[in-house]
Amino acid sequence: MTAELRDDAAWARAQDEADPLARLRDEFVLPEGIELYFAGHSLGLMPRRSRGFVLAELDAWGRRAVEGHHQGERPWLPYHEVLAAPTARLIGARPGEVVVMNSLTVNLHLLLVSFYRPTRARHRIVIEQGAFPSDRYAVESQASLHGYPDAIVEVPRGDDPERYLDESVALLLFGVPNFLSGEAFDVAALTHAAHERGCVAGFDLAHGIGNLEFSLHDSGADFAVWCSYKYLNAGPGGPGGAFVHERHAGAGLPRFAGWWGHDKESRFAMPPAFRAIPGAEGWQLSNPPILQLAALRASLELFDLAGIHALRDKSVRLTGYLEWLLRGAAETITPADPARRGAMLALRVRGNTAELVRALRSRGVVCDARPPDVLRVSAPPLYTRFADVQRLATVLREELRGA
């Protein structure tokens, strides 16, 4: 692959002209004054069609008010159900195993209530080094709630997680990829190792959904959570999602219950006893925010147009090109193996990273920094072009030489 690459704007444009997905770039809005946007790992760009989707629901609210729950082209009562199938296609799940609801950390807490059942002998939680802080806060608080403040076991970067799984471990929870290093992990292998040792396997897919290919159902993972405002382009504060493997659908797991997770046939009869909807929907608490779901639905249409397999193939090529262009300019701490990373590269750079970000911004480029010395750069395949990557590398090399 490297022999075919060229650091040349004309070559990059030729790749875009031959790319059947390149047309999707026009489906997104760039911020004012920005030419190159490489912060999709933090907030995805706005799909142009989002405005129409959200306005349609605002209009329905104005025309129908409460009757909008049952009337119109897309009644609100079952609105979240429309998102299950396209979301399931992105993570290799069955529609009944997926639900869009709440936010990532809320969903993580809800699923930990069900899947983290510690005992004195088995209460430890294995996470990756440098896990996203909210994940760590969640698991630490859950463990402390059960009386095990020493439960967290961190796997050092580059070490084999399987070495840390033993009879004292109740749960494995890994971010795929890790939010800081960009390192991805083999979900199927980790799940197999965890189950072989009697542990529950859970995953945070916030930085993987929309750019990595997953097979959550076939892998046997117990649960997963994610957000939708990064690579899924649902907008700031977009709804989270959760996966619960179908083998747990009727398992009678303990949970925090709410009325939207109650059996749909009797939900509005409001009986005193909770009866969970089979599958992931049974973990819902409240009716969802329709305007936010509308924005997500707009983006999921584009994912269905592209297909996650084609997007992953393009992502491997885009990220490989970016890494190749930056060799010698900055140290890449994200693994070089495409199978072990998603759409983001984490670069260790010299000097003040905040100043570097400001300098890039003054030139119409958006990335982000993580103190003290990491610059995160992502190339979401749904809207990033090879020409964007080539131009970014040129600007970044110039700024790094001046640092």
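The values are calculated or read from the model by the stated rules, or taken from the named source; none is laboratory data. Given the structure is predicted, the values throughout are model-derived calculations rather than measurements. Using ideal geometry, Cβ is built from the backbone for each residue, glycine included, and neighbour counts are taken over all protein chains shown.
A few comments on the model shown:
- Qualifying positions in the stretch 220-252 - modelled with pLDDT under 95 and either at negative phi or in contact with a Cys (Cβ under 9 Å, 6 or more places away or on another chain) (or both): Ala249, Gly250, Ala251
- Per the listing Ala121, Ala138, the residue uniquely in a helix (DSSP H, G or I) and at pLDDT 95 or above is Ala138.
- For the stretch 183-212, the set of residues classified as of a type outside the set (D, E, K, R) and closer than 13 Å to Lys230 by Cβ consists of Leu205, Ala206, His207, Gly208, Ile209, Gly210, Asn211, Leu212, listed by residue number.
- The set of residues in the stretch 223-270 being touching a residue at least 12 places away in the same chain (Cβ under 8 Å) and among the acidic types (Asp, Glu) consists of Glu246, Asp263.
- Given (1) part of a helix (DSSP H, G or I); (2) assigned by TED's automatic domain parsing to the domain that holds Asn107; (3) surrounded by fewer than 21 Cβ atoms within 10 Å (Cβ to Cβ), number of the condition Ser286 does not satisfy: (1)
- Contact map, the stretch 104-124: first residue without any contact (Cβ under 8 Å) to a residue 12 or more places away in the chain, second residue crowded, with 18+ Cβ neighbours inside 10 Å, Cβ cut-off under 9 Å, separation 6 or more or different chains; pairs are Arg120/Tyr148.
- Meets criteria (modelled with pLDDT of 95 or more, more than 28 Å from Thr334 (Cα to Cα) and not in a loop (DSSP other than H, G, I, E, B)) for Ala188: no
So that you can scan it fast, the table gives a plain yes or no per residue for (1) among the aliphatic types (A, V, I, L, M); (2) exposed (fewer than 14 other Cβ atoms within 10 Å of the Cβ); (3) farther than 30 Å from Asp218 by Cα:
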site	(1), (2), (3)
Ala9	yes, yes, yes
Ala12	yes, no, yes
Gln15	no, no, yes
Arg25	no, no, yes
Leu36	yes, no, yes
Leu43	yes, no, no
Arg48	no, yes, yes
Leu55	yes, yes, yes
Asp59	no, yes, yes
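- All positions within the stretch 249-259 that are under 25 Å from the mean Cα position of the chain (by Cα) and more than 17 Å from His109 (Cα to Cα): Ala249
- Filtered residues of the stretch 88-101 (kept if surrounded by fewer than 24 Cβ atoms within 10 Å (Cβ to Cβ) and out of contact with any Ser or Thr (no Cβ under 7 Å at 6 or more places or on another chain)): Ala88, Arg89, Arg94, Pro95, Gly96
- Test: residue in the stretch 188-200 that is under 17 Å from Gly279 (Cβ atoms), in contact with a Ser or Thr (Cβ under 7 Å, 6 or more places away or on another chain) and either in contact (Cβ under 8 Å) with a residue 24 or more places away in the chain or in the same structural domain as Pro289 (by TED's automatic domain parsing) (or both): no
- In the stretch 20-43, the count of residues that are over 19 Å from Asn211 (Cα atoms) and polar (S, T, N, Q) is zero.
- Scanning the stretch 195-224 for residues that are within 8 Å of the chain's Cα centre (by Cα) and either within 22 Å of Ala170 (Cα to Cα) or surrounded by fewer than 24 Cβ atoms within 10 Å (Cβ to Cβ) (or both) yields Asp204, Leu205.
- Annotation note: Cβ proximity below 9 Å between a residue of the stretch 353-368 that is on the phi > 0 side of the Ramachandran plot and a residue that is in a strand (DSSP E or B) (sequence gap 6+ or interchain) occurs for Gly364/Leu36.
- The one condition in (1) among the hydroxyl-bearing types (Ser, Thr, Tyr); (2) more than 28 Å from Gly68 (Cα to Cα); (3) not assigned by TED's automatic domain parsing to the domain that holds Asp8 that Ser266 fails to fulfil: (2)
- Within the stretch 297-319, residues that are of a type outside the set (Val, Ile, Thr) have Cβ atoms under 9 Å from residues that are modelled with pLDDT under 95 and not in a helix (DSSP H, G or I) in these pairs: Arg317/Met1, counting only partners at least 6 apart in sequence or on another chain.
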